[in-house]
Protein chains: 2
Amino acid sequence: MPKGKPVSIDSALVEKWIMELAAFGAHSGTGVWRTVYSPEWVAAADAFEKWGRDAGLAMRRDAVGDVWARLEGEEGGSAIVSGSHIDTQRPGGRYDGAAGALAALIALKALKEQFGKPRLPVEAVALCEEEGSRFPSAGFWGSRAIVGRIAPGDPDRVVGYDGETIAEAMRAVGLDPDHAQDARRNDIAAFIELHIEQGPVLEGARLPVAIVDAITGIRHIEVTLTGEQNHAGAFPMDRRRDPMAGFAEIVSTLIDHAHRLGRPAVTTIGRVDVDPNGAAVVPRSVTFTIDARHPDPKARKALYAVHDAVLREVCERRRLSLDVRPVLGHDPCLSDPYLLEVLRSAAAEQAIPHLVMASGAGHDSQQMAAVAPVAMIFVRSKEGRSHTPEEFSSVEDLVAGTRLLAEALYKLAY
Amino acid sequence: MPKGKPVSIDSALVEKWIMELAAFGAHSGTGVWRTVYSPEWVAAADAFEKWGRDAGLAMRRDAVGDVWARLEGEEGGSAIVSGSHIDTQRPGGRYDGAAGALAALIALKALKEQFGKPRLPVEAVALCEEEGSRFPSAGFWGSRAIVGRIAPGDPDRVVGYDGETIAEAMRAVGLDPDHAQDARRNDIAAFIELHIEQGPVLEGARLPVAIVDAITGIRHIEVTLTGEQNHAGAFPMDRRRDPMAGFAEIVSTLIDHAHRLGRPAVTTIGRVDVDPNGAAVVPRSVTFTIDARHPDPKARKALYAVHDAVLREVCERRRLSLDVRPVLGHDPCLSDPYLLEVLRSAAAEQAIPHLVMASGAGHDSQQMAAVAPVAMIFVRSKEGRSHTPEEFSSVEDLVAGTRLLAEALYKLAY
């Protein structure tokens, strides 16, 4: 691996672009409300394109509206790519997504200015609709298009919160949904995404950045426990088949189990619906979700095996009927070992203090992994907040992350 | 206490009146939908009045529509009264309430026919709106009127599910809500109510009837646990303040505790509302109800002390904020020792196999206790079902209960 050279990152530019991009869709103080294909999103994409063009990069839009900046290489061939999304939650903050798209553009500008033409082409990309915040079933829309995961007809089937199809929304901003497949690429040699952590781990460790060695695997299941609805007064405890009692035992057991496993295992019960949900009625049924994540494929399997065994045992013992419906399942996305090594040595050479950790949230990188080796860089989040106007990462930490990204791109492309 | 004489109860009449009353508001097969002041309720009250008049009893309606049958006594003075309600759930079954109103009427008819004029007056009453099934805040309306718990103006403040006030509904059936206070009585020497058990205890004991020595004390509280809403993936378990985890621990602990106390303690968590209730979000708050009942005043206090201590301890340890709102509280209503002795000796003399137990549900008797000594008789419920068209008690069991009631009335009034 070539030894790197220090890349200088302009902290004033980092701050300027973060704040200027945040102005498109500015909402409730420090928030941003910028859903895909909205006027605010169009303005943000235009700004990204203008900034790249002004930096001397070759700019283009692909068939779904991802904005690409390219620094051509001497040797041509597959490109070293970095980027993230510029759509937000409703409202989100200034950093989730935007930080990574801008860090990629800033890294390219810095590399071009400081080192000239690379050996391999280097690209920055601003992806669209990662959040699924306008079209709930279209999460990772931009990155899915790039890896060929949008089928003909899909745009007409994806419906937004306001009832519009994504095909209609695309046409309204001058994109042709019938050509969404044209966004596909098979010439990406590596993809590195910078993103805010969205959790409190870096803050707890007092470190500005992390190298992400995996995106966690996730399983959502929806569980219904059915017992017998009865009078809360007239039915003795020993005669009940109470799904609430089974639910409480299961939730306690699964959450305690995740605590004992320790990081990075997480288990969350976030949604509960009780039938009939009356104060003086032993419920007939309790329906709830279990979101359980682990980035290690083997440990993840073992985690789910415990969940399945606990569900079965508790329901059998309590004479409850059990119905389990899978909702979502993603295998862990492991970072590429060579890219991890590049990031580690870049951090070491430039003395960037860092942690190695897994991502508990999903990211565009897990889509990009279908066509290229991937890795990620996390930047410290204040109090672990995200998906809220209160999310915050300092300019210093963003510069540290962007510097690490630029160093890695240098090592890979020069 | 005078030794009784066997009272003969006509089982054909028990079956006939149960079925004929059930025809008023017949619903979905074996169900009954008969809300207070509805045309079906008017028809049922008219039938009760006609049957009493045909039996030679003096009939009258009071100011809220309770129907009274009176068998005058030689000595006059305060009356020995029995009865229950004839309104139902939406839909309920044929027995909840109706069984007790008819048993009282049948007992009076039998006593009159078999023993003539008693020493003390004996009355049967068909009460109204015990269930609160048309006017949710008017539960025990008929018995509350009798004990003076309806204040002037109350009828204009009680609003039904359809938006009508109970004053309007009273006027529509020819009652004057401004005179509701006239229903008050202070000349009741004893009140004995027969009711179906609504639980599985008698069925489990293979016994037809029970003597009820107390109506349980009840406390409803609404609890909100508030923690910190976070990302289900990015927030490690050890950094969470998860109200769902606290909720599950509390529910498990309280339900286990009630199990260990054994009958007659019951604790029910029937209603849960989660904010924001998303599958991939550690909740911000969980709000739930705790319905906890015990018929022994001291044991009930101890039960609530455990609940309060568990809530405090779990919330403190888990760094959750705790908000507790009282919703409902009734002290236990203990049956009168002399009436219990009368019922016990009547059952013994007539060889009626029985259990002594507490009622876990509320009944008109707990209102009547404000003006008279009370006791209750339970009749076995099939599978403990009630508030459903499937509720069922056999004619044999109803006859056994009515016989016990008639024997007790004989001992008290003759």
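Each value in this text was obtained by applying a stated rule to the coordinates, not by laboratory testing. Predicted model only: the values in this text are computed from it and were never measured. Cβ coordinates were reconstructed from backbone atoms using ideal geometry, including for glycine residues, and neighbour counts include every protein chain displayed.
Roughly speaking, what % of Cα-Cα pairs in chain A are separated by over 28 Å, rounded to a whole number? Above the 28 Å cut-off, chain A has 51 percent of its Cα pairs. Set against the 2.2 N^0.38 Å expectation for a compact globular protein, the stretch B:217-330 has a Cα radius of gyration ratio of 1.12. Each copy carries A:Val173; placing its label point 7 Å along the C-beta direction from Cα gives inter-copy distances of 6.4 nm, listed from smallest up. Angle check, please: helix A:39-54 long axis (alpha carbons) against the longest principal axis of chain A (alpha carbons), in degrees 0 to 90, nearest 10. Result, in degrees: 30.
Given B:Lys5/B:Lys382; A:Lys3/A:Lys112; B:Lys16/B:Lys382; B:Lys301/B:Lys411; A:Lys382/A:Lys411, which pairs have Cα atoms separated by over 27 Å?
On the way: B:Lys5/B:Lys382 30 Å; A:Lys3/A:Lys112 18 Å; B:Lys16/B:Lys382 20 Å; B:Lys301/B:Lys411 36 Å; A:Lys382/A:Lys411 30 Å.
Exceeds cut-off: B:Lys5/B:Lys382; B:Lys301/B:Lys411; A:Lys382/A:Lys411.
Oblate is the label for the stretch A:323-388, because a/c, from the alpha-carbon gyration tensor with a ≥ b ≥ c as root eigenvalues, is 1.5 or above and a/b does not exceed b/c.
Computed over neighbours whose Cβ is under 15 Å from that of B:Ile192, the net charge equals -4, Lys and Arg +1, Asp and Glu -1. Sorted largest first, the principal axis extents computed over the alpha-carbon atoms of the stretch A:355-414 equal 37, 26, 20 Å. Relative intensity of the stretch B:179-235 on a log10 scale, I(q)/I(0) at q = 0.28 Å⁻¹, equals -1.20, per a Debye sum over C-alpha point scatterers of equal strength in the absence of solvent. Taking Cα atoms only, the orientation of helix B:395-413 departs from the longest principal axis of chain B by about 70 degrees.
Counting Cβ atoms of other protein chains within 10 Å of each residue's Cβ and taking the mean over peptide A:252-264 gives 4. The amide H of B:His27, built 1.01 Å from its N in the peptide plane, has B:Val32, B:Trp33 as neighbours under 5 Å, considering only residues 5 or more places off or on other chains. The orientation-averaged projected area of the convex hull spanned by the Cα atoms of the protein assembly as shown comes to 38.6 nm².
How much of the DSSP bridge set in the protein assembly as shown is antiparallel, in percent, rounded to the nearest 5?
So the antiparallel bridges amount to about 70 percent of the total.
With charges only on Cβ, +1 for K and R and -1 for D and E, what is the dipole size of chain B about its Cα centre, in debye, rounded to 20? Can you show the working numbers first?
Values: 46 positive and 57 negative charges, 181 e Å.
In debye, rounded to 20, chain B gives about 860.
Of A:Gly142, A:Thr287, A:Ala232, which is farthest along the charge dipole of chain A in the positive direction, counting Lys and Arg as +1 and Asp and Glu as -1 at C-beta? Of the listed residues, the answer is A:Ala232.
Between B:Val122, B:Val64, B:Val310, the GNM of chain B built on Cα springs shorter than 10 angstrom shows B:Val310 fluctuating the most.
The same position B:Arg206 in the other copies lies at 7.4 nm from this copy, comparing label points 7 Å beyond Cα toward the beta-carbon, shortest first.
May I ask for the net charge around A:Arg144, where only other residues with Cβ less than 11 Å from the Cβ of A:Arg144 are counted and Lys, Arg are +1 while Asp, Glu are -1?
On the way: positive: A:Arg149, A:Arg184; negative: A:Asp66, A:Glu129, A:Glu130, A:Asp154, A:Asp364.
Computed value for this residue: -3.
Averaged over peptide B:382-390, the number of partner chain Cβ atoms lying within 10 Å of each residue's Cβ comes to 3.
Where both residues lie in chain B, what percent of DSSP beta bridges are antiparallel, nearest 5? If we restrict to bridges inside chain B, about 70 percent are antiparallel. Highest GNM mean-square fluctuation among A:Asp397, A:Asp275, A:Asp238, for chain A modelled with Cα contacts below 10 Å: A:Asp238.
Other residues within the sphere of radius under 14 Å centred on the Cβ of A:Asp46, judged by their own Cβ, net out at 0 (K and R +1, D and E -1). Per residue of peptide B:243-249, the mean number of Cβ atoms on other chains within 10 Å of the residue Cβ is 6.
In chain B, the longest principal axis of the Cα atoms and the axis of helix B:337-349 are about 60 degrees apart.
Toward the positive end of the charge dipole of the protein assembly as shown, with +1 on the Cβ of Lys and Arg and -1 on the Cβ of Asp and Glu, the farthest Cα among A:Trp51, B:Ala55, B:Ala361 is that of B:Ala361.
Across the identical copies, the label point of A:Phe115 (7 Å from Cα in the Cβ direction) is separated from its matches by 10.8 nm, in order from shortest.
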